[in-house]
Amino acid sequence: MSNYKQFIPCIYLHHGKAVKSLRDDTVICEDPVSLSSQYSGSAADAILVFDLSDGDAEHDEAIEKIREICASVRIPVIGCGNIRRMEDVKKLIYAGCSMAALNYSKQSNIDLTKEVSEKFGKERIAACCTAADAIEENKELIEGYVQEMILLEESAIRSVLSFSGVSIIIHIPDISLDKMIELLGQNAISGITGNAINENIKNLTDMKKFCAENNIPVDLRAAAYSWGDLKKNSDGMVPVVVQEDATGEVLMVAYMNEEAYNTTVRTGRMTYWSRSRGELWVKGETSGHFQYVRSITADCDLDTLLARVDQVGAACHTGHHSCFFNTDLVLGEKQNNPETVLENVLAVVNDRKEHPKEGSYTNYLFDKGIDKILKKVGEEASEIIIASKNPEKTEVVYEMSDFLYHMMVLMAERGITWRDITDELARREQKK
């Protein structure tokens, strides 16, 4: 449970698009994934996604969209809506959600609480509540098996003031600064969500500062070094090397003045000073190719910054992903960086699937279908076991390589990326 008061924007997912609210299906964004990236790049503490789909087929499509959202952001995602059975909770958690929120206006969801909490852990279960009666009647159940409660009606606040061990998030359509302080000043209230946050997403940092000034604990983004700590060049600026966090690829080099540096820290979006235009430059403001900050590190002399970012689209104005695409000199053999090799092999496998090549063994497997692919994965796993009985590692390495190749064919067949795998491993690492 966080010690900070949380600011949580919502995505109301309907027919694959983001709509205005739970009761207003006006489309506000055709691409909920890009919207989630914007929220993640702001000062938001988490994202709440409501699945407003109808029917099983649309529900499955919504789960895939939620999976994309979880993969695109670096803050927790809470999944809510269309839960009818334990399988639906599992789908949300497997999609990457930090929590699945049960709908307490449905008795079937209330009945699921203990079962799913014991299966997935209390820390993965939330309850979405409207009526005070349902809250009061199930107080013991909620306190024992629910980590977070999302109140859809402000009038239900009184019914939760005596709860212990449960985070209370209030969902409201709008808010004033005075109302924000009043709500978050209550010990029982852990955060605010709804359009009150959505419509103020660009002002979250200022809202958090206002909370801090009123002695309300918030997770306020701050840099370890002030602008005054950094050493500037003759133009009064600091060069910034920009690197993609997911791949380690160097994307570009730019410059910051004091305003650009402070804006970057405050907003979480990379902002530079354009020397050619003589103006502040928010990367992606025109193209949509924003760079969301993951970390900023100063070098040993404090005169150069290294920014690791989540890059949306291409970093270079030419359309290339990186500005560094003109190979000048290569000495020695190609480096066998493990991450790069695995990504490159999977890229070849995916290319074979999209553009079949005559005589390709990979295309043979795709042509034979999933049963053949699974059979080969099983056979190669068995070969690893047999090879591992021998003391020499060479044969094991060979068989593991075969297994990984066939596993990548399966990944391509099922649309799985290495990022999907590493994100899941990272989530497990955080629990250890």
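The values are calculated or read from the model by the stated rules, or taken from the named source; none is laboratory data. Predicted, not measured: the structure shown is a model, and the values here were computed from it. Cβ coordinates were reconstructed from backbone atoms using ideal geometry, including for glycine residues, and neighbour counts include every protein chain displayed. To get the accessible areas, we keep the full protein, side chains included, count just its heavy atoms, and leave off ligands, DNA and RNA. Shrake-Rupley method; radii C 1.70, N 1.55, O 1.52, S 1.80 Å.
General observations
- Residue in the range 79-103 that is nearest to Q291 (Cα to Cα), counting only those that are assigned to a strand (DSSP E or B) and open to solvent by less than 10 Å² (accessible area, probe 1.4 Å): G79
- Residues in the range 289-315 that are touching a residue at least 40 places away in the same chain (Cβ under 8 Å) and in a loop (DSSP other than H, G, I, E, B): F290, D301, L302, D303, T304, V312, A315.
- Flag: T263 matches the condition of being free of Cβ contacts under 8 Å to residues at least 24 places away in the same chain and closer than 14 Å to R221 by Cβ.
- Of the residues making up the range 171-179, not a single one is outside any helix (DSSP H, G or I), in contact (Cβ under 8 Å) with a residue 60 or more places away in the chain and among the aliphatic types (A, V, I, L, M).
- Close pairs from the range 318-334: first among the basic types (K, R), partner at pLDDT below 90 and surrounded by fewer than 10 Cβ atoms within 10 Å (Cβ to Cβ), Cβ under 9 Å, at least 6 apart: none
- Taking (1) touching a strand residue (DSSP E or B) at 6+ places or on another chain (Cβ under 7 Å); (2) modelled with pLDDT of 95 or more; (3) charged (D, E, K, R) in turn, E258 satisfies each apart from (1).
- Residue selected from the range 289-305 under the condition within 14 Å of A224 (Cα to Cα), in contact with a strand residue (DSSP E or B) (Cβ under 7 Å, 6 or more places away or on another chain) and of a type in the set (A, V, I, L, M, F, W, C), by the criterion most open to solvent (accessible area, probe 1.4 Å): I296
- For the range 1-55, residues that are in a helix (DSSP H, G or I) and polar (S, T, N, Q) total 5.
- From the list E136, E153, the lone residue that is farther than 23 Å from Y12 by Cα, open to solvent by 20 Å² or more (accessible area, probe 1.4 Å) and not polar (S, T, N, Q) is E136.
- Considering (1) surrounded by 17 or more Cβ atoms within 10 Å (Cβ to Cβ); (2) more than 12 Å from V73 (Cα to Cα); (3) aliphatic (A, V, I, L, M), the lone condition that L35 does not fulfil carries the number (2).
- Filter result (under 17 Å from Y39 (Cβ atoms) and touching a Ser or Thr at 6+ places or on another chain (Cβ under 9 Å)) within the range 292-305: Y292, V293
- Within the range 294-310, the set of residues being at pLDDT 90 or above and in contact with an Asp or Glu (Cβ under 9 Å, 6 or more places away or on another chain) comprises S295, A298, L302, L305, L306, R308, V309.
- Here K231 passes the criteria (1) farther than 30 Å from E339 by Cβ; (2) without any contact (Cβ under 8 Å) to a residue 60 or more places away in the chain; (3) surrounded by fewer than 13 Cβ atoms within 10 Å (Cβ to Cβ) except the one numbered (2).
- Answer residue from the range 118-132, given it is in contact (Cβ under 8 Å) with a residue 12 or more places away in the chain and under 23 Å from the mean Cα position of the chain (by Cα) and is farthest from I170 (Cα to Cα) among those: F120
- Selection count, the range 180-219, where residues are closer than 22 Å to L35 by Cα, open to solvent by 60 Å² or more (accessible area, probe 1.4 Å) and outside any helix (DSSP H, G or I): 2
- V242 crowded, with 19+ Cβ neighbours inside 10 Å and either in contact with a strand residue (DSSP E or B) (Cβ under 8 Å, 6 or more places away or on another chain) or in a helix (DSSP H, G or I) (or both): yes
- On the stretch given as the range 56-75, residues that are assigned to a helix (DSSP H, G or I), open to solvent by less than 50 Å² (accessible area, probe 1.4 Å) and among the aliphatic types (A, V, I, L, M) total 5.
- I181 being in contact with a Lys or Arg (Cβ under 9 Å, 6 or more places away or on another chain), modelled with pLDDT of 95 or more and not aromatic (F, W, Y): no
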